Amino acid sequence: MVLCRGRAGPQTLLPLIRDIAQVAPFRFMTTRRGGRMAAAMTSAGACGWISDHRGYRYESTDPETGKPWPAMPDAFRALARDTAAEAGFPDFDPDTCLLNRYAPGAGMGLHRDGDERDFAAPIVSVSLGLPAVFLVGGLEKAERARPVPLQSGDVLVFGGPARLLFHGVRPVKPGADPVFGPFRYNLTFRRAR
Ligand code: SIN
Ligand code: FE2
């Protein structure tokens, strides 16, 4: 796992996130068992990640609006590609960006990103807004997770042997970020299809 501190520019990304959310609003998805996810989500790109009573998957249209997901902004793609290349993945070409919005108290349980077709492509994960503690576990869920504090602008790349590591996010603490206010955002770039 490669951590590039301060690699992303929060000021540049804020209006792009706003534009995406205007077309495909952040929403709380449900799990197969009917639970509500703690982070609000939306997507940009050729497909978007969905969770509902049928489980997890990628879809080409937003079920909330019936329209295609908004296009991935060029600046998003460039950031993901350039950072992946720096981390040793020069061929990364994401087809989706999952956007997570965490209010204080929201976190994400240990999981691995396993809904993509090809695990040869890395995941590029951009943290924005309020700080958070990212948890990096092992290849088994039972392995103890190591806490990694993340600040606004930090970018994590996990690929190769790290691609299927369990990971999660501790509940975000209340605060006020100069750019993003009372939220943490995370952009996760993937090659899903
Ligand atoms: C995720 O694993 O999908 C989100 C990670 C994060 O919010 O940092
Ligand atoms: Fe994840």
Can you find even one residue in the stretch 77-85 that is free of Cβ contacts under 8 Å to residues at least 40 places away in the same chain, under 23 Å from residue 28 (Cα atoms) and touching a strand residue (DSSP E or B) at 6+ places or on another chain (Cβ under 9 Å)? no
For the stretch 1-24, name all the residues that are part of a helix (DSSP H, G or I) and either open to solvent by less than 80 Å² (accessible area, probe 1.4 Å) or touching a Phe, Trp or Tyr at 6+ places or on another chain (Cβ under 9 Å) (or both). 10, 13, 14, 15, 16, 17, 20, 21, 23
Of residues in the stretch 83-118 being polar (S, T, N, Q) and assigned to a strand (DSSP E or B), the one farthest from ligand 2 (Cβ to nearest atom): 96
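Results for (1) near ligand 1 (Cβ under 9 Å from one of its atoms); (2) in a strand (DSSP E or B), shown as yes or no for each residue.
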| site | (1), (2) |
| --- | --- |
| 157 | no, yes |
| 161 | no, no |
| 168 | yes, yes |
| 175 | no, no |
| 185 | yes, yes |
| 188 | yes, yes |
| 193 | no, no |
What tally of residues in the stretch 44-91 results from selecting those that are crowded, with 19+ Cβ neighbours inside 10 Å and charged (D, E, K, R)? 2
Filter the stretch 32-50 down to residues that are in a loop (DSSP other than H, G, I, E, B), in contact (Cβ under 8 Å) with a residue 12 or more places away in the chain and under 20 Å from residue 172 (Cβ atoms), then give me how many there are. 3
Residue 139 vs. criteria away from ligand 2 (no atom under 13 Å from the Cβ) and assigned to a loop (DSSP other than H, G, I, E, B): yes
So in the stretch 170-193, with the set limited to residues that are open to solvent by less than 10 Å² (accessible area, probe 1.4 Å) and among the aliphatic types (A, V, I, L, M), which one is nearest to the chain's Cα centre (by Cα)? 187
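The values are calculated or read from the model by the stated rules, or taken from the named source; none is laboratory data. Please read these numbers as outputs of a predicted model, since none were measured by experiment. Note that we place each Cβ from the backbone using ideal geometry, even for glycine, and neighbour counts take in every protein chain shown. For accessibility, only protein heavy atoms count, side chains too; no ligands or nucleic acids. Shrake-Rupley method; radii C 1.70, N 1.55, O 1.52, S 1.80 Å.
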